[in-house]
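Before any comments, here is the structure.
The values are calculated or read from the model by the stated rules, or taken from the named source; none is laboratory data. In this text the structure is predicted, and so the values were computed from the model without any measurement. Don't worry about glycine lacking a Cβ; one is built from the backbone with ideal geometry, like all the others, and counts go over all protein chains shown.
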Amino acid sequence: MKLAVSGKGGVGKTTIAALLASELAARGYRVTAIDADPNPTLASALGFPTPPTTSLLDLRAEIEERVGGSDGFIRLNPRVDDLVERVAVAHGGIQLIVAGAISRGGAGCACPQNVLLRRLLDHVVLERDEAVVIDLEAGLEHLGRRSAQAADALLVVVDASRSSLETAARIRRLAGEIGVARVLAVANKVRGPEEEASLPGSLDGIELIAAIPYSDALAQAERAGEPVTGADPAAQAAAARLTDALQIRCERRVSV
């Protein structure tokens with residue numbers, strides 16, 4: 001499965017990405033997790049004892065050599081397969097890559113860093129035979145068209161706040177513009193059946209595929225920068241049900 005996880009800041013996007021990656025690894029998948037958030041915390045959420053010391057976008061010499069930009073010319077299809085092994089670290093059956101923060105240029109600028117990150121996502125999603133979980137920042141600009149179209153699903157994490165639901169609607173519109181075939185919502189920090197039942201009508205037609213219950217243990221782990229995997233058996237069980245639902249939908253997509 002190739003999964004991208006998005007949502008408004010503060011809804012627990014990284015927590016859901018970590019729970020999914022952990023569940024897939026427990027089921028025997030080869031898993032690559034990519035932290036594409038400018039504030040990378042996926043390593044701690046997954047319990048990596050030593051987080052990556054080098055992000056993809058720290059490789060400035062390689063970016064200049066392979067993508068260019070200083071001379072005004074940018075190569076859009078640089079080689080990246082060897083860079084994966086240089087920046088990835090492994091723990092608990094999960095290979096983790098930290099993308100790093102992009103130095104943004106002006107409007108419409110295809111900066112070399114962005115080109116390299118999009119090419120890496122294309123490579124991992126299209127060319128590697130393994131499960132992939134991408135923890136995106138709130139927007140979708142890093143998810144290039146090819147990798148977006150090849151992804152099995154874009155998961156939008158929401159809570160009951162109006163701002164997170166409005167963000168989900170915007171993400172859905174953006175996803176349609178870049179060819180994402182399936183957008184699904186995951187409700188997080190859900191406080192009971194009544195709150196869960198109220199959400200589908202506020203999701204602008206996005207299917208609510210799973211709900212993760214509110215958990216003091218998860219909230220405490222998030223605040224402390226500690227692993228969320230294994231912090232709460234009820235949350236992990238909900239992540240297992242989410243994975244089951246995703247497997248069914250991904251099998252349908254392949255059969256079609």
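The table for this structure:
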{"quantity": "Cβ pairs under 6 Å, 6+ apart, first in segment 72-101 and touching a residue at least 24 places away in the same chain (Cβ under 8 Å), second among the charged types (D, E, K, R) and not in a loop (DSSP other than H, G, I, E, B)", "calculated": "P78/R66; P78/R119; V80/R119; V98/D35; G100/D58"}
{"quantity": "Criterion violated by L76 - all others in (1) of a type in the set (A, V, I, L, M); (2) over 17 Å from the mean Cα position of the chain (by Cα); (3) surrounded by 15 or more Cβ atoms within 10 Å (Cβ to Cβ) satisfied", "calculated": "(3)"}
{"quantity": "Contacts under 6 angstrom Cβ, first residue in segment 192-214 being at positive phi, partner aliphatic (A, V, I, L, M), 6 or more apart", "calculated": "D204/A169"}
{"quantity": "Out of G179, G144, sole residue that is buried (at least 16 other Cβ atoms within 10 Å of the Cβ) and not hydrophobic (A, V, I, L, M, F, W, C)", "calculated": "G144"}
{"quantity": "Matching entry among T54, T32 (being touching a residue at least 12 places away in the same chain (Cβ under 8 Å), in contact with a helix residue (DSSP H, G or I) (Cβ under 8 Å, 6 or more places away or on another chain) and in a strand (DSSP E or B))", "calculated": "T32"}
{"quantity": "Qualifying residues in segment 182-218 (those that are over 25 Å from A151 (Cα atoms) and of a type in the set (K, R)) - the one surrounded by the most Cβ atoms within 10 Å (Cβ to Cβ)", "calculated": "K189"}
{"quantity": "Close pairs from segment 157-184: first farther than 24 Å from A238 by Cα, partner at pLDDT 90 or above and of a type in the set (A, V, I, L, M), Cβ under 7 Å, at least 6 apart", "calculated": "A175/L154; A175/V183; V180/L154"}
{"quantity": "Close pairs (7 angstrom Cβ cut-off, 6 or more residues apart or separate chains): more than 17 Å from L42 (Cα to Cα) and at pLDDT 90 or above in segment 221-240, among the acidic types (D, E) and surrounded by 14 or more Cβ atoms within 10 Å (Cβ to Cβ) anywhere", "calculated": "A240/E23"}
{"quantity": "Within segment 79-95, tally of residues that are surrounded by 15 or more Cβ atoms within 10 Å (Cβ to Cβ) and at negative phi", "calculated": "9"}
